[in-house]
Amino acid sequence: MTAEDDVDRLYGVRPEEFTALRKELATAAKKRGDPEAAKLIASARRPTTAAWVVNVLVRADATVRPRLSELTDALRAAHSAMDGARIRELTAAQRKLVNELVRTAFDAAGSSEPTGALRDDVTGTLQAAIADPEVAGRLGRLEKAEQWSGFGDFGLSAEVVTPTRRQASPRKTSSAPRQETTGEAARAAVVEQARRRSAAAGTEVEAARTAHAETVDAVADRRAKVATARRRYEKLLETLGAAEREVEASEADLDAADQALRGAEQRLTTAEAELVQADSELSNVTGE
């Protein structure tokens with residue numbers, strides 16, 4: 001195995017197993033006489049839980065990388081073209097894809113009830129992978145959760161093309177046409193910048209709406225859990241109350257039984273005394 005294979009293996013284990021395996025692999029590299037490999041392995045950083053969940057996702061599903069890359073390319077093209085309708089369409093597709101992948105990631109990681117913070121970190125990392133090619137390139141070996149600002153680099157590299165005016169004659173008679181062309185170029189640049197800002201703001205609005213919708217869903221989910229817990233608590237209280245009433249009734253029955261026992265014991269004692277006296281009188285009468 002190469003050092004890259006060892007590092008790849010490292011990022012495939014659970015975070016709590018990472019440190020021990022890193023030490024084991026680094027030691028093995030030293031023993032086989034490969035100090036550079038040992039150094040590379042030892043420098044690997046233990047991933048956070050969120051990073052590990054995303055790493056598990058891309059290892060479990062080979063379609064994740066190409067699906068993210070395809071969406072990235074489509075979004076970049078839409079931003080470059082300043083196509084607002086297409087941007088909104090792709091933003092909705094992005095939200096749907098990320099939500100789907102988040103669910104798949106936690107299923108693959110065996111985490112059925114992740115915390116809200118962990119879910120947010122995984123969501124943010126996948127969004128960052130769509131917006132940032134560098135993050136996408138680290139998928140499978142992520143060390144920490146990544147964040148997406150909501151803008152990304154979509155469309156920022158597009159060039160501003162300034163149309164030139166055809167002249168009736170190549171001869172320049174004055175500086176007026178040059179000044180007019182320069183002014184048009186400046187205005188075109190301002191318009192282009194405004195369009196980009198508008199498109200970026202539109203993307204941010206969609207991201208904010210997505211975050212708002214997810215938060216609303218999370219709040220509704222928490223409320224449902226609280227309501228369920230409250231109903232269970234109330235049922236437990238009802239059961240406890242019934243049990244307490246049963247105990248009280250049983251104690252009352254026990255007191256009554258104890259009283260009856262004491263009465264029976266007294267009656268038995270009295271009857272035994274009367275029997276002794278009757279036997280004595282019988283002996284006196286019969287002379288026996």
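Annotations
- Computed magnitude of the charge dipole of the range 21-162 (debye, nearest 20; Cβ of K, R +1, Cβ of D, E -1): 680 debye
- Distance (nanometres) between label positions extended 7 Å along Cα→Cβ at Thr104 and Arg267: 8.2 nm
- Taking Glu288, Glu146 and counting other C-beta atoms within 10 Å, the order from fewest to most: Glu288, Glu146
- Ranked by the mean number of other Cβ atoms within 10 Å of their residues, highest first, the peptides 272-284, 47-59, 112-124 come out as 47-59, 112-124, 272-284.
- Here the average projected area of the convex hull drawn through the C-alpha atoms of the range 74-134 stands at 4.7 nm².
- In this label model, Ala81 and Ala188 are separated by 2.0 nm, measuring between points 7 Å along each Cα→Cβ vector.
The numbers here are math on the coordinates, done by the rules we state, and not lab data. Because the structure is a prediction, the values reported are computed rather than measured. Here Cβ is always computed from backbone atoms with ideal geometry, including for glycine, and neighbour counts include all displayed protein chains.
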